[in-house]
Amino acid sequence: MFAVDVCDLPETGSSTFVLAAGLLLLVVGVIVTRWVRQSAGRMSVVVAPLVLLGGLVLAPQVANPCAPATTTVAPVTTAAPVTTTAAPATTVAPTTTTTVAPAGTITTSGYAFTPTTLSISVGQSVAFNVNSSHDITWQNGPAGRGATGAPYSRTFSTAGAYAFYCSIHPSMTGTITVS
């Protein structure tokens, strides 16, 4: 019926103390209300809430349980001896990077890979052009590419048969044979 955020409540003492103090104040409030009602009638409307609120003021205050905890750690300093050595100069020959075109490309066509089988040689790569509603997952080996729609390729350095499938649509399968 009512929703109250605990962190919006006023800070009070421990829950056992608050419960006992609240019950005591309730009993005192009822007694005072009956006494005032018998003696002055309408005065109980003012006095009873004041008695109950007085108990909240007297309850001990504690840290806000909703505030993030803070921890202070003393800094640790260590002094290590400083040593300086000069490395011998080395000449490195420039390297040439060669980009090899993929030996084949596998795409998606509806709920199938096209082509479903592909044969390549060791050291060649295969490009996958798969739309974002599919992914490439390998039967054995490293995970493939998640469903992002971005191009993906894999170079095969060992001969064998490499089975793959779409984890979103497991009936979509394919095999790359590396010889």
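The values are calculated or read from the model by the stated rules, or taken from the named source; none is laboratory data. None of the values given here were measured: they were computed from a predicted structure. Every residue, glycine as well, gets a Cβ built from its backbone with ideal geometry; the counts of neighbours run over all protein chains shown.
Could you list, in sequence order, all residues of the range 168-179 that are in a strand (DSSP E or B), within 14 Å of Phe113 (Cα to Cα) and of a type outside the set (A, V, I, L, M, F, W, C)? Show your work before the answer.
Keep residues of the range 168-179 that are in a strand (DSSP E or B), which gives 173-178.
Now narrow it down to the ones that are within 14 Å of Phe113 (Cα to Cα): 173-176.
Hits for the range 168-179 are Thr173, Gly174, Thr175.
Taken over the range 81-108, the criterion of being exposed (fewer than 10 other Cβ atoms within 10 Å of the Cβ) and either in contact with a Gly (Cβ under 9 Å, 6 or more places away or on another chain) or at pLDDT 80 or above (or both) is satisfied by Val100 alone. Remark: pairs (first residue in the range 150-171, closer than 15 Å to Ala103 by Cα; second residue in a loop (DSSP other than H, G, I, E, B) and hydroxyl-bearing (Ser, Thr, Tyr); Cβ separation under 9 Å; 6+ apart in sequence or on different chains) = Phe156/Ser121; Ala159/Ser121; Ala159/Ser179.
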